[in-house]
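Everything on this sheet refers to the single structure shown next.
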Amino acid sequence: MNEIVRAALVIARRDFTALVRSKAFIFFLLTPIVMLVVAVAAGGIGARMAKPPATPVVAVLMPSDDSARLIAARQRLDEAVDGLPALEAVRTATSAESLLRGSNPPVAVLSGTLDAPRLSSDGEGARHWPDRVRLILDQARHDADYRRVALDVRTIALPATPAADAEVDRSTTAQMGQMALFLTTMLLAGMVLSNLVEEKTNKIIEILAASIPMESIFLGKLFAMLAMALIAIAAWAAFGAAIGLAAGSALPSLPPPAVGWPVFILLGILYFSTAYLLFGSLYLGIGAMAATVREVQTLAMPVNMGQLGVFLFASYAVTHIGDGVEMAACIIPFSSPFAALARAAQAPDIWPHLVLLLWQGLCTWAIIRIGTTLFRRNVLKSGGGRRRRKATRAGAGGQGQVDRSGPS
Amino acid sequence: MTPPAPSSASAIVAEGLVKDFNGFRAVDHIDLTVPAGSIFGILGPNGAGKTTTLRMLLGIIDPDEGRCTLLGHDRPLSVAKQVGYLPEERGLYPSMTAGEAIAFMGALRGLPLAEGRRRARDLMEGHGLGYALKRQVRQLSKGMAQTVQLLGTIVHEPRLIILDEPFSGLDALNQQRLEEMIRAQAANGVTIIFSTHVIAHAERLCEDIAIIAGGKVPFAGPVEEARNRLRPRVRLETRAADGPWRAALPPGTVPQGRHWRFDLPEQGVEPLLKALIEGEAGIMSLSIERPGLHDAFVAIAGASAAADLARTSGSQNAAEARP
């Protein structure tokens, strides 16, 4: 085992240095800034596109007192009633017909007085606006007849509510934690897919396979990518914190998780690491089978969809803490980190996390072993012989000096 | 054939190695014993099973049948730190510097990086490449890159070096350097096993060889033993083209005008000379030639394997003029 870890660190060091020293890494670190700029730009465009159309205007051709009452009544009603037309008092002497035939005509013209109003419009307007205009007229007439009653509004300070509400709200923290974990894992772990392509295209894999255990190659590559991912997350977190400080209270605050923020953040880092290693080992195993970059790209889509499916399952488990669904989400290796982080947000116990972290580590190792076995069998064209070779050894009666201890 | 008895002085022992690929038997019950401290050549045309055999010896792939030990261990990775390997398909990380690439290959075999860097510098300078120490691999010529990889193979001072077609792609000068490097390593007690389809390299370097053809090993042993399998050839030139003395020529003599070629008779040339003199053949010249490794290869592996070998090595023959 020591030899496996030693060799893995040699690979990790090489890969990490190559990754971090490349110019592409700088662009990679800038990814969230680019995303933020794009999001802000898209938001601006969306807001512009979503701007409501101009409100229909009804011209009021009445004495100024009546016009003022109508406009005041319309303003009061506007808070409670949707779809009211805007009212625009016309000061110049003109007729309803000339207004409707003008260059920028209103949808209707209200003339006469409050006691004898008249609404003029075209056929469509005559069907659509009378009810709404009548509502405004009634309100204006009502305001004229009755004095408005002042409403006495009082605010009473109550003692803080018990934890029930907070517990309910913690599911929000759990979901936000899961979402952050999912996005970072999906963004970063997928890169592992193409990680062995360089070794295969440059024929370096032959030297590596003859020098160190295949598990060390996989593990080393995962360590390097994980280290790179943690650096990226640290940089992005610093960027996010700067924005948070700048935004101040404008940012929404989350209810504190059940284990407290420091432990929750620590668990978040640990669960990101295990999620990364779990998905990374799977991706590395799958990617190692691919012969070309094109094949890797083809594999990326189903792999991402699979990751999304696991995330949705873990999301469903957020609202079922302690149920069978949540237990299953914690046990199934790929959903386990997501479900466990949600648990940390909603339940204060620490020991389940120690068990789950150990479980996820074991699953990672098992996936690596499966991946390396498949790699040796399908890519290096080895395998199928170990069982027979052992049988041959047994038949040979242990001739010669035989080391059965494996790598030490 | 019966392999030589394995002993503690054997760097490699392989018994009955078999490897099939999708129903094709690439290696068919191969036995090999490589004496420690020797230069051992594996000869055979492309596709004969040389690389597959080496990969099985190194543990890169498992044999379907048979067993092998490397430096006395049946798990090659457990002695990886004492082994150097240069694969047929060369490979280096293009973005690494030459020095870092050598140190990295040493680190894979357990050499501390700092020591690897120091040795890389010494090796590069020793081979006249000190100026390229900090150059990226992608900036090196093909020959330089191959030299860098070779230096990476020996940087950790292994006890056993396995080279798969090491001369492939090298010009005559670099081939000569490589031969010198192999001899220098052997002089330090290192066992070297290399595969080649160029017989001249094996003939110049090896004490022992294995001939592989069609996945089998029809011969494994000292080069001298392979050559001694053939009778020496006699070349005779006579003044007379015919006469009763011709009856004294051994059966199977190949006539070419007044030139005659035949295997050295078991009783030697003296009785023949006497008959030629008495028959007044007029001996113009007579020479006895020991058969070369190529003749031995043809005799052992068969004409078709020899033809394959000649075909695959054809492109290299021009460059293999004795340095």
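Every number here is computed from the coordinates shown, using simple stated rules; none is lab data. Values in this document were obtained by computation on a predicted structure and should not be read as measured data. Backbone-built Cβ (ideal geometry, glycine too); neighbour counts: all protein chains shown.
Kindly identify the range B:152-282 as rounded, prolate or oblate by the Cα gyration tensor criterion: order the square roots of the eigenvalues as a ≥ b ≥ c, call it rounded if a/c is under 1.5, otherwise compare a/b with b/c, prolate if a/b is larger, else oblate.
Prolate is the answer for the range B:152-282, as a/c is 1.5 or above and a/b outweighs b/c.
Quick one: Kirkwood hydrodynamic radius for the range B:113-198, alpha-carbon pairs, angstrom, one decimal?
13.5 Å
Pulled fully out, how much extra length does the chain show between A:Trp261 and A:Ala80, if you take 0.36 nm times their separation in residues and subtract their Cα-Cα distance?
Contour length minus Cα-Cα distance gives 60.9 nm.
What is the gain in length, in nm to one decimal, between A:Ala126 and A:His142 on full extension, counting 0.36 nm per residue of separation less the C-alpha to C-alpha distance?
Difference between extended and current length: 3.4 nm.
Rounded if a/c is under 1.5, else prolate if a/b beats b/c, else oblate: with a ≥ b ≥ c from the C-alpha gyration tensor eigenvalues square-rooted, which is the range B:49-96?
Oblate, since a/c reaches 1.5 and b/c is not below a/b.
How far apart, in nanometres, would the label points at A:Ile370 and A:Phe27 be if each is projected 7 angstrom from Cα along the Cα-to-Cβ direction?
Placing both labels 7 Å along Cα→Cβ, they lie 3.5 nm apart.
What shape does the range A:66-114 take by its C-alpha gyration tensor, where a ≥ b ≥ c are the square roots of the eigenvalues and a/c under 1.5 counts as rounded, a/b above b/c as prolate, and the rest as oblate?
Oblate, since a/c reaches 1.5 and b/c is not below a/b.
Pull out the extension gain between A:Val34 and A:Arg91, defined as 0.36 nm times the separation in residues minus the alpha carbon to alpha carbon distance; nm, one decimal.
15.2 nm
In sequence order, what are the phi-derived ³J(HN,Hα) couplings for the range A:91-105 according to the Karplus relation 6.51 cos²θ - 1.76 cosθ + 1.60 with θ = phi - 60°, rounded to whole Hz, with x for glycine and proline?
Per residue, the Karplus-derived 3J(HN,Hα) values read 8, 7, 6, 7, 10, 4, 5, 5, 5, 5, 8, x, 6, 10, x Hz.
Looking only at the protein assembly as shown, where both bridge partners belong to it, what percent of the DSSP beta bridges are antiparallel (to the nearest 5)?
Just about 60 percent of them are antiparallel.
Stokes-Einstein D for chain B at 10 °C, 1.306 mPa s, Kirkwood Rh over Cα pairs, in µm²/s?
73 µm²/s
How about A:Lys200: which aspartates and glutamates have a C-alpha closer than 19 Å to its C-alpha, ignoring those fewer than 8 places off in the same chain?
Filter leaves A:Asp15, A:Glu215, A:Glu295, B:Glu88, B:Glu89, B:Asp164.
Based on the alpha-carbon gyration tensor of the protein assembly as shown, what equivalent-ellipsoid semi-axes (square roots of 5 times the eigenvalues) come out, in whole Å, largest first?
Output for the protein assembly as shown: semi-axes of 88, 31, 22 Å.
Applying 1/(1 + (r/R0)^6) with R0 = 45 Å to the Cβ-Cβ distance of A:Arg294 and B:Asn46, what FRET efficiency is obtained, to the nearest 0.05?
E between A:Arg294 and B:Asn46, to the nearest 0.05, is 0.95.
Determine the percent antiparallel among the DSSP beta bridges restricted to the range A:1-137, to the nearest 5.
So the antiparallel bridges amount to about 40 percent of the total.
Using only the alpha-carbon atoms of the range A:196-243 as identical scatterers, what base-10 log of I(q)/I(0) does the Debye formula give at q = 0.17, 0.33 Å⁻¹?
Taking Cα atoms of the range A:196-243 as identical point scatterers yields -0.61, -1.09.
Given a Förster distance of 22 angstrom, what is the FRET efficiency for A:Ala42 paired with A:Ala242, based on the Cβ-Cβ distance and rounded to 0.05?
E(calc), rounded to 0.05, equals 0.50.
For the pair B:Ser95 and A:Met327, how long in nm is the line joining their label points, each one 7 Å along Cα→Cβ?
Computed distance between label sites B:Ser95 and A:Met327 equals 4.8 nm.
Neighbour counts of other C-beta atoms within 10 Å: give me B:Glu225, B:Glu266 arranged from fewest to most.
By the 10 Å Cβ count, ascending, the order reads B:Glu266, B:Glu225.
For the pair B:Arg229 and B:Thr253, how long in nm is the line joining their label points, each one 7 Å along Cα→Cβ?
So the label points at B:Arg229 and B:Thr253 sit 2.8 nm apart.
Can you put B:Leu57, B:Leu178 in order, fewest other beta carbons within 10 Å first?
B:Leu178, B:Leu57
Determine the percent antiparallel among the DSSP beta bridges restricted to the range B:10-227, to the nearest 5.
55 percent
Report, largest value first, the span of the C-alpha coordinates of the range A:57-145 along each principal axis, in whole Å.
Result, largest extent first: 34, 25, 19 Å.
Taking all pairs of distinct Cα atoms, average 1/r, flip it, and tell me the Kirkwood hydrodynamic radius of the range A:188-345 in Å to one decimal place.
Hydrodynamic radius (Kirkwood, Cα pairs) of the range A:188-345 is 17.7 Å.
Mean residue ellipticity at 222 nm from the helices of the protein assembly as shown, using -39,500 (n - 2.57) per DSSP H segment of n ≥ 4 over the full residue count, to the nearest 500 deg cm²/dmol?
Counting only the DSSP helices, I get -16500 deg cm²/dmol.
In whole angstrom, and with the biggest value first, how far do the Cα coordinates of the range B:231-289 range along each principal axis?
Result, largest extent first: 26, 22, 19 Å.
Which entries of A:Lys23/A:Lys203; A:Lys23/B:Lys81; B:Lys50/B:Lys142 show an alpha-carbon separation above 32 angstrom in the structure shown?
Pairs exceeding the cut-off: A:Lys23/B:Lys81.
Name the aspartates and glutamates eligible as straight-distance cross-link partners of A:Lys381: C-alpha to C-alpha under 15 Å, and not fewer than 8 places from it in the same chain.
Reachable aspartates and glutamates: A:Glu206, B:Asp20, B:Asp62, B:Asp64, B:Glu65.
Taking 45 Å as R0, compute the FRET efficiency from the Cβ-Cβ separation of B:Arg138 and A:Ile350 and round it to 0.05.
About 0.35, to the nearest 0.05.
For the Cα atoms of chain B, what angle does the longest principal axis make with the long axis of helix B:98-108, in degrees from 0 to 90, nearest 10?
90 degrees
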